[in-house]
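Only the coordinates and a few stated rules stand behind these numbers; no lab work does. For clarity, every value in this text was computed on a predicted model and none was experimentally measured. Neighbour counts are summed over all protein chains in view; Cβ atoms, including those assigned to glycine, are modelled from backbone coordinates with ideal geometry.
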Amino acid sequence: MRTFPGVPAPRVLIGIVGFGLGIVALWLRIIVLPRRPRDAETPQPRRVPQGNAAPRPDGAGLRIVVNPSSGPALRASPLATLRDGLPSADVHELAEGDDLLALLRDPRFTAVGAAGGDGTLAAAASVALERDALLVAVPAGTLNHLARDLGLSSAEDAIAAVRAGYAARIDVGTIGERIFVNTLSFGGYSPVVDRRERLEPRLGKWPALLVALIRELPRMEPLRLTIDGEPVKVWLAWVGNGAYSPPGLAPAWRESLDDGLLDVRIVDGAKRFSKTRFACAALTGRLSTCGVYREEWAESVKISSLDGPLRMASDGETFDGPERFTIEKRRSALLVALPPPDPTPDR
């Protein structure tokens, strides 16, 4: 192979790129996306009340919709596992033209489930909530925030939950008629999500997110808001359904899903060099001590936008939001299947 003076050989270039990607991955894992501790608490499972028409141990009475486009491309679909583990359940793979909500509203089924990412599970949760039906969450996305916080790490865990008949009631966040099970945000994050979704079919999720951040962050302008009557300028506002850990940029897990709290995290847009200070603090994992960042817990938050209706994101899906709104909680509103306690009792 021909080489040129001063130009590294292809193997050297590959090694440099690989080393760089390894450093980025390590930074993401330690600073930006810390792992949930193995000893973090999860909701306490209880027997599904008979009035909620729980599915039978073989899945009879349950429809699960599988979103094949969720999660990493190389991850195997849970379709076969779910059909083998719950032979009497209706396990439906979402096809082009299918309506997820309509499939889950089918009155022939008394319990609903979904296999996919947090957006898919949030949509299924909205149907379970309106029907007061049991939700079976099958983790099949990239981050699986809701499923992880329920103690569900695989399709096998969801199957075990159905077979054992255990569940708990958790809170949901609300903005008007819309619910969110994990997070709601507005400000700089929403255009990042919009651009990431446009790029994702060509680049994949994480490269698309990186490109979206590089393109959108320099254009970010602070929002002029009033929050509970206080005039503020905000680069980014993030609201969690429940108190999240750890503090800072990367809220990654909840130990309680029925605490009645909203976790409110705001990046101040009024202070000098606030965007630069925010970026430096976020990159070094020191956001919790940054002077342009604040966190607090609340039971509700009332917001008015002086810049008109807001572009928002909930559970990773963007939408056009209102100009004035209140973010609240519905306590213990959603019934969710949980893995059984150990040892597994007979049903």
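Descriptive notes on the structure:
- Annotation for E230 and K302: the two label points, set 7 Å from Cα along the Cα-Cβ direction, are 1.5 nm apart.
- Theoretical gain in end-to-end length, D320 to L101 [0.36 nm per residue, Cα-Cα removed]: 76.9 nm
- Potential lengthening of the chain between S88 and R169 amounts to 26.7 nm, from the contour at 0.36 nm per residue minus the alpha-carbon distance.
- Between the beta carbons of R331 and R47, assuming R0 = 22 Å, the FRET efficiency works out to 0.60 to the nearest 0.05.
- For A252, nonlocal amide neighbours, meaning residues 5 or more places apart or on other chains whose placed amide H falls under 5 Å from its own, are S245.
- Summing +1 for each Lys or Arg and -1 for each Asp or Glu among the other residues whose beta-carbon sits under 10 angstrom from that of P251 gives 0.
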